[in-house]
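The values are calculated or read from the model by the stated rules, or taken from the named source; none is laboratory data. Just so we're clear, the structure is a prediction, and the values are computed from it rather than from any experiment. Here Cβ is always computed from backbone atoms with ideal geometry, including for glycine, and neighbour counts include all displayed protein chains. The accessibility values were calculated without ligands, DNA or RNA, using every heavy atom of the protein model including side chains. Shrake-Rupley method; radii C 1.70, N 1.55, O 1.52, S 1.80 Å.
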Amino acid sequence: MAFPVTRLRRLRRTEQLRSLVRETRLTPDSLVYPMFVCPGEGVRKEVRSMPGVFNLSVDEAVKEAREVHSLGVPSVILFGLPDKKDEVATGAWADQGIVQQATRAIKGEVSGLILMGDVCLCEYMSHGHCGIVRQTPAPFSLGAAAMRAVATESPEKKKKAIEGMDTAAGEMKARFVQPQFEIDNDASLELLARTSVSLARSGIDVIAPSDMMDGRVAAIRSALDEAHFQNTPILSYAAKFASGFYGPFREAADSAPQFGDRRSYQMDGANLLEAMREIELDIEEGADMIMVKPAMPYLDVIAAARLRFDLPLAAYQVSGEYAMIEAAAQNGWIERHRVMMESLLSIHRAGAGIILTYYAKDAARLLA
Ligand SMILES: [Zn+2]
């Protein structure tokens, strides 16, 4: 039946009718609140590009976790800012690591809150990449000049040859200014597995690897099982795209790469089919839940994953999504609460049953 018999506006007339036929409903139990834990005591330092989001010392993180729990939000995900960084991400897997400390403290004080542990190395590496960095051989050789320097007998000639070598190297450097490096996938797996076991041991309930190395879910699963954490689930950041929307997070977690970018391991934003392969492989490797990140620019990926896979599906509304809404709201250009709820509803409607969001507390308050 078409118009005038059918009038879709009939069911939009009042809020009661609209509510009756509403297809998607947000509830606080689908939300996860991200928290950034830093060293010190009494520290509550606002992230400049994320108003309302803080770096918290362990004691403050406990208070925050208590508040999150009291609002009906069932889970937090923890990120760490270590006091020292190095080339093997010691802070990620040390028993006294900042997230391990925070986990023990929160577990002791706030019962019933699900603690997720983000597993990545970038916050703990001096270079800010998500895996072990290996120098690759230069695309040119200094062999000939070096041989000349060694073969020359008189010190004067040697000096001249070395000068020539320096000039040659300088020219080559000018031509190849980009440092040559590679993220060593397989070597990184061991550190990711070690980090996961350490987090589980400290009391983390859900292990959430976000590094995008190949094979990490299988490596983490077998390490957890071997350490008798068979019951600790893995929420895999299965389709994580290289994205400009992560900008503010890098300030919050102090994890900007010191050189290069993350495009050799995070996904290309153009690829939906590849995202399905990433998810499929993670499921084969033993993921219990899967995630798409970021959320709003990748709603189609969320929707496709929902149709294709039966696992619980999460989406991460990332720092840049939050910062854009906050900035526009501060300028009076949009209604903060309305846009916040609309963005969360859209992510839920696309198919994500679990939403990681900096709005978890605010949304829970509105939904109460
Ligand atoms: Zn990372």
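What you get for region 195-274, charging only the Cβ of Lys and Arg (+1) and of Asp and Glu (-1), is a dipole of about 40 debye around the Cα centre.
Report the gain in length on full extension from residue 20 to residue 310: 0.36 nm times residue separation, minus Cα-Cα distance, nm rounded to one decimal.
On the way: separation 290, 0.36 × 290 = 104.40 nm, distance 2.75 nm.
Result for the pair: 101.7 nm of gain on full extension.
Within the chain, count lysine pairs with alpha carbon atoms under 16 angstrom apart where the residues are 8 or more positions apart or belong to different chains. Taking the Cα cut-off of 16 Å, the pair count is 4. Think of the chain as a dipole: +1 on every Lys or Arg Cβ, -1 on every Asp or Glu Cβ, centred on the Cα centre; then among 210, 61, 344, 344 lies furthest on the positive end.
Shape of region 245-368 from its Cα gyration tensor (a ≥ b ≥ c, root eigenvalues): rounded if a/c is under 1.5, otherwise prolate when a/b > b/c, or oblate?
Numbers: a/c = 2.07, a/b = 1.27, b/c = 1.62.
Taking the square roots of the gyration eigenvalues as a ≥ b ≥ c, region 245-368 is oblate.
Estimated at 0.36 nm per residue, the fully extended path between residue 349 and residue 12 surpasses their Cα-Cα distance by 119.4 nm.
When only Cα pairs below 8 angstrom with a gap of at least 6 residues are kept, the chain shows a relative contact order of 18 percent. Per residue, the solvent-accessible area of region 260-368 (1.4 Å probe, heavy atoms of protein chains only, all protein chains present) comes to 46 Å².
For the chain, take the longest principal axis of its alpha carbons; what is the angle in degrees between that and the long axis of helix 58-70, to the nearest 10 within 0 to 90? With both axes taken from Cα atoms, the answer is about 30 degrees. Placing unit charges on each Cβ (+1 for Lys and Arg, -1 for Asp and Glu) gives the chain a dipole about its Cα centre, and among 34, 257, 358 the Cα reaching farthest toward its positive end belongs to 358.
Charge dipole (Cα centre; +1 on Lys/Arg Cβ, -1 on Asp/Glu Cβ; no other charges) of the chain amounts to roughly 1360 debye. Helix 336-350 axis versus longest C-alpha principal axis of the chain: approximately 80°, rounded to the nearest ten. Taking the Cα centre of region 1-133 as origin and assigning +1 to Lys and Arg Cβ atoms and -1 to Asp and Glu Cβ atoms, the resulting dipole is close to 1300 debye.
Rounded to the nearest 5, what is the percent of antiparallel bridges among the DSSP beta bridges in the chain? Spell out each step's value before the answer.
On the way: 8 of 39 bridges.
Antiparallel bridges: around 20 percent, rounded to the nearest 5.
Note that region 277-321 carries a Kirkwood radius of 10.8 Å, evaluated over its alpha carbons pair by pair.
Over the chain, the pair-distance histogram of Cα-Cα distances with 10 Å bins from zero comes to 5, 21, 29, 20, 10, 8, 4, 1, 1, 0, 0 percent, rounded to whole numbers. Computed over protein heavy atoms with a 1.4 Å probe, the carbon and sulfur contribution to the accessible area of the chain reaches 54%. How far is helix 98-109 tilted off the main Cα axis of the chain, in degrees rounded to 10, range 0 to 90? Result, in degrees: 30.
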